[in-house]
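The values are calculated or read from the model by the stated rules, or taken from the named source; none is laboratory data. Source: prediction; values computed, not measured. Every residue, glycine as well, gets a Cβ built from its backbone with ideal geometry; the counts of neighbours run over all protein chains shown.
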Amino acid sequence: MGFFDTLLYPLQWVVAWILALFHELLTFLGMEPALGWTWALSIAGLTVVVRGALVPLFVRQIKSQRKMQMIQPELQRLQKKYKGKKDQFSRQAMVEEQQALFKKHGTSPFASCLPLLIQMPIFLSLFRVINNVPQMASGDITPVGGMTRELAQQMDGASVLGIPLSSTFLTGDIGTKVLTAILIVIMAGTQFWTQRQMMTKNMSDAAMDNPFMQQQKMMLYLMPIVFGIGGIYFPLGVLIYWLVSNTWTMFQQMFIIRSMPAPGSQAERDLMERRARRGKSPLPGAEPIEMKKEAEAEPETPAKTGGQRQQPVNAKRRKKKRKKR
C-alpha cells in the first residue's frame with residue numbers, strides 16, 4: 001500500500017462500507033448483484049449520504065457568504081484607505097485590519113470553500129476504491145472495509161451500457177470515450193450553471209461591485225475547465241458520483257436562492273415580488289415591492305388652489321397677464 005492509500009485508508013474504509021451496504025440493500029430489493037446499474041445506484045446512494053452529511057456545512061457556507069456580502073462596503077473603504085500604498089508596513093496593516101474585520105463579523109473568505117474541501121478527500125477515496133477494484137478482485141490488494149473480494153469481482157465485471165465502471169476516457173474503447181465525454185460535459189456544465197446562478201441571482205449590488213468579483217468570474221470559467229480536463233482520468237464510477245453530487249448542489253442552491261436569498265440581491269427582489277402578489281408581508285428589513293411600484297407609477301396630482309383644480313393657461317393669456325403685472 002502506497003503513502004497516498006495509507007493516508008486515505010480511513011476514508012476508503014468508510015466509502016467501501018457504504019458502497020457495500022447500499023449494494024446489499026439493492027440486492028435485497030431484487031436487483032442483480034453483478035449488474036452495473038446496481039453498482040451505479042450504490043454510488044448514487046453514497047453520494048446522497050455524503051451530501052446529506054454536508055448540509056450543516058452548506059448552511060454555514062451560506063451564512064458566511066451573506067456576512068461577506070454585508071461587510072463589502074467596509075472592505076471597499078479599507079481598500080481605498082490603503083490604495084497606492086505598496087510598502088510592507090501598509091500591506092501588513094491592511095491584512096491585519098481585514099482579519100480583524102472578518103473576526104468581528106465571524107466570517108472568512110475561505111468558509112465558502114469548506115464543503116468542496118471536505119468533499120475532495122471523499123472523492124479521492126472513492127477514486128482509489130474503484131481504481132483498486134481489479135487488484136482486489138484478483139487478490140493482489142487486500143480488500144478494504146466492506147468491499148470483500150467477492151464484491152470486488154462482481155463490481156469488476158459490472159458494466160453500464162456495456163462499459164465497465166473502472167474504465168476511463170483514456171483506457172476505454174470508443175463507446176467508453178463517448179459515454180465518459182458526455183458525462184464530463186454534463187458535469188462541467190452543471191458546475192458552471194450553478195456558479196453562474198449564484199453570481200447573477202444571489203449577490204447584492206455591493207458584492208458585485210468589488211475587485212474580488214474579478215477573481216470569482218475567473219473561477220467561474222476556470223473550475224469547469226479543470227474538472228473537465230481531470231475528468232478524462234476518472235473511472236466511470238467516479239464520474240457517476242461527481243455528476244450526482246453536482247446535480248444535488250444545483251437543486252440545493254436553486255432552493256436556497258429561491259427561498260432564502262441574499263440581502264440586496266436580484267433573488268431577494270424576485271422573492272419580494274412573489275410575496276407581494278400573494279398578499280404576504282415583506283421580509284424583515286426589505287422594502288415592500290408593491291408600495292415601491294405604486295409610488296413610481298402614481299401620476300403627479302395637479303396643484304390645487306382653494307379646493308379647485310387649476311385651469312391650464314395658453315400662451316396668449318400668459319402674455320396678457322405679464323403685461324398687466
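Is one or more of the residues making up the stretch 104-121 at pLDDT 80 or above and either surrounded by 17 or more Cβ atoms within 10 Å (Cβ to Cβ) or touching a Cys at 6+ places or on another chain (Cβ under 6 Å) (or both)? No: zero hits.
In the stretch 236-258 there is no residue that is more than 17 Å from the chain's Cα centre (by Cα) and surrounded by fewer than 15 Cβ atoms within 10 Å (Cβ to Cβ). When the stretch 162-179 is filtered for residues that are farther than 17 Å from Tyr241 by Cα, of a type outside the set (D, E, K, R) and part of a loop (DSSP other than H, G, I, E, B), the ones remaining, listed by number, are Gly162, Leu170, Thr171, Gly172. Scanning the stretch 64-71 turns up no residue that is within 22 Å of Gly237 (Cα to Cα) and part of a helix (DSSP H, G or I).
For Lys86, the criteria (1) in a helix (DSSP H, G or I); (2) charged (D, E, K, R); (3) more than 23 Å from Arg128 (Cβ to Cβ) hold in every case but one, which is (1).
The set of residues from the stretch 225-244 being closer than 13 Å to Ala188 by Cβ and at pLDDT 80 or above comprises Ile225, Val226, Gly228, Ile229, Gly230, Gly231, Ile232, Phe234, Leu239, Trp242, Leu243.
Taking (1) farther than 23 Å from Met254 by Cα; (2) at pLDDT 85 or above in turn, Pro211 satisfies each apart from (2).
May I ask you to say which residue of Val15, Val59 is surrounded by fewer than 15 Cβ atoms within 10 Å (Cβ to Cβ), under 20 Å from Gln119 (Cβ atoms) and of a type in the set (A, V, I, L, M)? Exactly one of Val15, Val59 is surrounded by fewer than 15 Cβ atoms within 10 Å (Cβ to Cβ), under 20 Å from Gln119 (Cβ atoms) and of a type in the set (A, V, I, L, M), namely Val59.
Conditions tested, residue by residue: (1) assigned to a helix (DSSP H, G or I); (2) out of contact with any helix residue (DSSP H, G or I) (no Cβ under 8 Å at 6 or more places or on another chain); (3) touching a residue at least 40 places away in the same chain (Cβ under 8 Å); (4) closer than 20 Å to Gly162 by Cβ.
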{"site": "Thr27", "(1), (2), (3), (4)": "yes, no, no, no"}
{"site": "Gly30", "(1), (2), (3), (4)": "no, yes, no, no"}
{"site": "Gly45", "(1), (2), (3), (4)": "yes, no, no, no"}
{"site": "Gly52", "(1), (2), (3), (4)": "yes, yes, no, no"}
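Is it true that some residue in the stretch 9-30 is of a type in the set (Val, Ile, Thr), modelled with pLDDT of 85 or more and more than 27 Å from the chain's Cα centre (by Cα)? Taking every residue of the stretch 9-30 in turn, at least one turns out to be of a type in the set (Val, Ile, Thr), modelled with pLDDT of 85 or more and more than 27 Å from the chain's Cα centre (by Cα). Just one of the listed residues (Leu151, Leu183, Leu165) is crowded, with 20+ Cβ neighbours inside 10 Å and either at pLDDT 90 or above or aromatic (Phe, Trp, Tyr) (or both), and it is Leu151. Restricting attention to the stretch 35-56, the residues that are surrounded by fewer than 16 Cβ atoms within 10 Å (Cβ to Cβ) and within 19 Å of Arg149 (Cβ to Cβ) total 0.
Among the numbered conditions (1) within 19 Å of Ala152 (Cβ to Cβ); (2) more than 28 Å from the chain's Cα centre (by Cα), the only one that Trp39 does not meet is (2).
Looking for whichever is in a loop (DSSP other than H, G, I, E, B) and in contact (Cβ under 8 Å) with a residue 24 or more places away in the chain here; the options are Ala34, Ala16, Ala40. Which one fits? Result: Ala34 is the single residue among Ala34, Ala16, Ala40 that is in a loop (DSSP other than H, G, I, E, B) and in contact (Cβ under 8 Å) with a residue 24 or more places away in the chain. Would you check if Ser159 is closer than 24 Å to Ile240 by Cα, under 24 Å from the mean Cα position of the chain (by Cα) and hydroxyl-bearing (Ser, Thr, Tyr)? It is false that Ser159 is closer than 24 Å to Ile240 by Cα, under 24 Å from the mean Cα position of the chain (by Cα) and hydroxyl-bearing (Ser, Thr, Tyr).
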